[in-house]
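The values are calculated or read from the model by the stated rules, or taken from the named source; none is laboratory data. This structure is a prediction, so every number in the text was calculated from the model and none was measured. Please note: Cβ atoms are built from the backbone with ideal geometry, for glycine as well, and neighbour counts cover all protein chains shown. Just the protein is used for accessible areas: all its heavy atoms, side chains included, with ligands, DNA and RNA removed. Shrake-Rupley method; radii C 1.70, N 1.55, O 1.52, S 1.80 Å.
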Amino acid sequence: MLTRYSGISPKSDLMLLQKLGEKLKNRSFLHVNSTRAGGGVAEILQRMIPLINDLGIDARWEVMEGDSSFFDVTKKIHNALQGNFEDITEEMWQHHFEVNRRNAERLGLDADAVLIHDPQPAPLIEYRKTGTWMWRCHIDVSNPVREVSDYLLRYCRKYAAAIFSVAKFAMAMDIGEFIISPSIDPISDKNRELTPDEINKTLVKYRIPADRPIILQVSRFDRFKDPLGVIEAYRIVKKYNDCILILAGSPATDDPEGETVLSEVREYAANDPDIYILLLPPFSDKDINALQRTATVVLQKSLKEGFGLTVSETMWKGKPVIGGAVGGIPLQIVHGITGFLVHSVEGAAFRIRQFLNNPDMTKRMGEKSREYVRTNFLITRQIRDYLSVWYTLESKGGSVLEL
Ligand code: UDP
């Protein structure tokens, strides 16, 4: 399967992967997160696990289970880590722990390496018997509500290392910290080339007219993704350029706020017939691919962001992106070269018009965008990095402190 990446991924990554695969052959590597579908983490794991297995490593992906009050609490924790005030009571923390305790009984946690994704399953570390355990943080923790991050750190400190997507998220814990940015799979249905016929099927299915430029944002319905700001920017643009707006999103099982935000978005769109709010079922990968390929201008106008996989997904399709200057977006958008970073609705509207009015510039920036993703944000590079961290920690007896 790895051979399918030759000619696409950088050769050096493939060589390193092969070497690391030899070193870690027949060892077990467990990943645990809190949803099978929706959001960037599930997106990556779905593609990554078979590839790691293909290297001869026994990789497994387990999803923790929780009741709705568990996911209400973990969404609050998530929001607070991204800087929004949330009151999380001792009772809520106890419930968080209790659900983890039950999951520890249910999930087989024995493995040579265990990568725990995000705060939801962080307390599982209390049930570690063996192996190298790493905590993987995908969210923007650069400016957290202190009481909440302090509480969570009680668990995180017990891991052999923590892995963040962006350097400024690192939390100065007394364990090893690594920076590994997420990635996209260039040969998945979400990102592979599509035929004109495949693209057309999606447009027909969602009744998207092909007679005007399309502005697109693909995101869960989450306030941090600023869907209302996108509508506002579109309204400014619409005064000068006729266009349509597509907001495409599907629910994530670990995000209980999606419904509320979706109704806010619908209300704000106020029946504008040129705003298409598409509720995509989970695993609509080909449709998202088709929308990203059809759009004239793609936005990721987040106000807070872990990484923002949709940015690399779009850039891989030869399109520059307009993105909020937050989280991992500035890692992907080199301002003026692979897209534009924006700080306001007006800024977003200005850049949308710039792309709409300069197709040649857009195309040139798009070509640079694709190459930038090829060298930095493909899945082979991310697997290489995970295996390197595991291998390093193991060679150091599970600790990096003595380095
Ligand atoms: N996504 C999807 N369907 C949707 C919305 C998003 O499959 O309706 C995918 C999107 O293509 C990307 C991931 O979910 O691969 C979102 O990752 P990102 O890092 O942008 O944001 P997150 O949701 O993890 O905060």
**Complete:** Amide H neighbours of Ser34 at under 5 Å, excluding residues fewer than 5 places away on the same chain, with H built from the backbone geometry, are Met64
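First check a/c for the stretch 192-325, with a ≥ b ≥ c the square roots of the eigenvalues of its C-alpha gyration tensor; if it is under 1.5, answer rounded, and if not, answer prolate when a/b is larger than b/c or oblate otherwise.
Rounded is the answer for the stretch 192-325, as its axis ratio a/c remains below 1.5.
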**Message:** Which order do the peptides 109-116, 12-19 come out in when sorted by mean C-beta neighbours inside 10 angstrom, highest first?
**Reply:** 109-116, 12-19
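Multiplying the sequence separation of Lys168 and Lys129 by 0.36 nm and subtracting their Cα-Cα distance, what value in nm do you get?
On the way: separation 39, 0.36 × 39 = 14.04 nm, distance 3.17 nm.
Computed gain between Lys168 and Lys129 is 10.9 nm.
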**Prompt:** What is the extension gain from Ser28 to Arg235, computed as 0.36 nm multiplied by their sequence separation minus the C-alpha to C-alpha distance, in nm to one decimal?
**Reply:** 69.3 nm
**Request:** Return one whole number: the accessible area per residue of the stretch 1-72 in Å², for a 1.4 Å probe.
**Result:** 46
**Request:** Over the stretch 146-193, give the accessible area per residue in Å² for a 1.4 Å probe, as an integer.
**Result:** 39
**Fill in**
So the angle from the long Cα axis of helix 68-81 to the longest Cα principal axis of the chain, reported in degrees to the nearest 10, equals 80
**Request:** In whole Hz, with x marking every Gly and Pro, tabulate ³J(HN,Hα) for the stretch 128-134 from phi via Karplus 6.51 cos²θ - 1.76 cosθ + 1.60, θ = phi - 60°.
**Result:** 5, 9, 8, x, 8, 9, 10
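So how strong a dipole does the chain carry about its Cα centre when Lys and Arg Cβ are +1 and Asp and Glu Cβ are -1, to the nearest 20 debye?
On the way: 51 positive and 53 negative charges, 285 e Å.
Magnitude of the dipole: close to 1360 debye.
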**Fill in**
Reported to the nearest 10 Å², Leu30 has, with a 1.4 Å probe, an accessible area equal to 0
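At a 1.4 Å probe, what is the % contribution of carbon and sulfur to the accessible area of the stretch 188-340?
Accessible surface attributable to carbon and sulfur in the stretch 188-340 totals 55 percent.
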**Request:** Would you mind checking which residues have amide H under 5 Å from Gly39's amide H? H placed 1.01 Å from N; only 5 or more apart, or other chain.
**Result:** none
**Request:** Report, in whole Å, the centroid distance computed from the Cα atoms of the stretch 361-390 and the stretch 58-110.
**Result:** 31
**Message:** Through the Karplus equation 6.51 cos²θ - 1.76 cosθ + 1.60, θ set to phi - 60°, convert the phi angles of the stretch 232-247 into ³J(HN,Hα) values in whole Hz; use x for Gly and Pro.
**Reply:** 4, 4, 4, 5, 5, 4, 4, 5, 10, 10, 6, 6, 10, 10, 10, 10
**Placed amide H near Trp61: partners under 5 Å, 5+ positions off or other chain** = His31
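Output the direction-averaged projected area (hull surface divided by four) of the convex hull of the alpha-carbon atoms of the chain, in nm².
On the way: hull surface 75.8 nm².
Averaged projected area of the chain's Cα convex hull equals 18.9 nm².
Relative contact order (percent) for the stretch 173-304, with alpha-carbon contacts under 8 angstrom and 6 or more residues of separation?
38
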**Request:** Just list whichever of Lys129/Lys168; Lys201/Lys286; Lys75/Lys319; Lys76/Lys158 have alpha carbons separated by over 21 Å in the model shown.
**Result:** Lys129/Lys168; Lys75/Lys319; Lys76/Lys158
**Message:** Using each residue's phi in the stretch 321-329, evaluate 6.51 cos²θ - 1.76 cosθ + 1.60 at θ = phi - 60° and report the 3J(HN,Hα) Karplus result to the nearest Hz, with x for Gly and Pro.
**Reply:** 10, 9, x, x, 7, 9, x, x, 5
**Request:** Over the stretch 65-134, with every protein chain in place, what whole percent of the accessible area is carbon and sulfur at 1.4 Å, could you tell me?
**Result:** 44
**Prompt:** Could you give the accessible area per residue of the stretch 196-319, probe 1.4 Å, as a whole number in Å²?
**Reply:** 41
**Item:** Degrees between helix 359-376 axis and first principal axis of the chain (Cα, 0 to 90, nearest 10)
**Value:** 10
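Counting Lys and Arg as +1 and Asp and Glu as -1, each charge on the Cβ, what is the dipole of the stretch 237-351 about the Cα centre in debye, to the nearest 20?
580
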**Prompt:** Taking only Cα atoms, what is the 0 to 90° angle, nearest 10, from helix 146-156's long axis to the longest principal axis of the chain?
**Reply:** 50
